[in-house]
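The values are calculated or read from the model by the stated rules, or taken from the named source; none is laboratory data. Owing to the predicted nature of the structure, the values given are computational and were not obtained by experimental measurement. Note: ideal-geometry Cβ built from the backbone for every residue, glycine included; neighbour counts use all protein chains shown. Note: accessible area is taken over every heavy atom of the protein model, side chains too, but ligands, DNA and RNA are not part of it. Shrake-Rupley method; radii C 1.70, N 1.55, O 1.52, S 1.80 Å.
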Amino acid sequence: MNPLFQGKIDNFCAAYSVLNALRLLFGISAFQARDILNDTLIEQAKNPEEWKKIVCHETNYNRLVNSMLAKWQETYAYTYYCPFPGINPSLDNIRFFQPEVDIDTIWEFLKNTVTLSAEAEKEVTAVFRFCRFLPRQAGPMVDHWSAISRITDTEIYLYDCSLETTGWYILHRDKFFSAPFGAIPPQRTGLQQQFTLSLAEEEFGVICPESIFMVEKKKSPFETITAAFKRKIF
């Protein structure tokens, strides 16, 4: 029997996904990350109802991620936005994925937008939620938030907080379906979902489109001029 590692039994992966996005873009230290996390948890605990949802995984964590990104964007000079905003922003049900966006649209957008090269005109990462399903099971085996370090035509490389030996740290495109697959959007009944899941013969993943937050580092004028010289524009 292995010991429990720190983070094994909590539900703070959404907060860690934001911290790791800031680490990718700005190289924040563990001490800076701890200050941000402490501030976040203290702030969320002021609302007992929301705090219970966060601790007990009774939320999709969209509001938590949005609040963290909103609070620290001036300190760390970045902008953020949701490319596929939810139809109902107040919807907090962890089993409802909105809007219905096909995986090809999601993948191509991320591939064309995420870039972490200092030589590029802009540095952009993304934080998002994905679910991992086993065949013939109604609920996800894993419901997780992470940040993206790199993406290709076929793989998303995660910059992830998990230490699970069986975790997914590279997401393979052929294992992912359109967002409604395996979920229960408002127009799909539980019976329809069970039928859909029975079609899957192996485990698969779902990227929740409304959970995708693009985080773009603001470049200072000095950085822009330096990058231009490196690209030999002048």
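Across the stretch 154-169, coupling constants 3J(HN,Hα) worked out from phi with the 6.51/-1.76/1.60 Karplus curve, θ = phi - 60°, read 10, 9, 10, 9, 8, 9, 10, 8, 7, 10, 5, 5, 9, x, 8, 10 Hz, and Gly and Pro carry x. Once the C-beta distance of D39 and E202 is scaled by a Förster radius of 45 Å, the resulting FRET efficiency is 0.60 to the nearest 0.05. Evaluating 6.51 cos²θ - 1.76 cosθ + 1.60 at θ = phi - 60° for every residue in the stretch 104-114, the Karplus couplings come out as 5, 5, 4, 5, 5, 4, 5, 5, 7, 10, 6 Hz, glycine and proline recorded as x. Taking amide H as placed 1.01 Å from N in the peptide plane, V114 has no amide H partner under 5 Å among residues 5 or more places away or on another chain.
Of the cross-linked pairs K46/K111; K52/K175; K46/K122; K111/K218; K52/K122; K52/K217, those separated by over 30 Å at the C-alpha level are K46/K111; K52/K175; K46/K122; K52/K122; K52/K217. Close amide-amide hydrogen proximity is noted between F176 and G205, each under 5 Å apart and 5 or more residues distant or on a separate chain (H modeled in the peptide plane; Pro and chain starts excluded). Could you work out the relative contact order of the stretch 97-179? I mean the mean sequence separation of Cα pairs under 8 Å and 6+ apart, divided by the number of residues, in percent. Reported as a whole number, the value is 28 percent.
Between the beta carbons of F5 and D153, assuming R0 = 30 Å, the FRET efficiency works out to 0.35 to the nearest 0.05. Taking all protein chains together and rolling a 1.4 Å probe, K111 ends up with roughly 60 Å² accessible.
Within the straight-line cut-off of under 19 Å between alpha carbons, the aspartates and glutamates reachable from K71 are D35, D39, E43, E50, E216, sequence neighbours fewer than 8 places apart in one chain being disregarded.
Return the whole-Å distance between the Cα centroid of the stretch 109-136 and the Cα centroid of the stretch 46-66. About 24 Å separates the Cα centre of the stretch 109-136 from the one of the stretch 46-66.
Taking amide H atoms as placed 1.01 Å from N in the peptide plane, the amide H of Y78 lies under 5 Å from those of K218, each 5 or more residues away in sequence or on another chain. Extending 7 Å from the Cα toward the beta-carbon at both E100 and I170 defines two label points whose distance is 3.3 nm. 3J(HN,Hα) couplings calculated from phi for the stretch 9-25 with the Karplus curve 6.51 cos²θ - 1.76 cosθ + 1.60 (θ = phi - 60°) are, in sequence order, 10, 9, 10, 9, 4, 5, 5, 5, 5, 5, 4, 6, 5, 5, 5, 5, 7 Hz; Gly and Pro show x.
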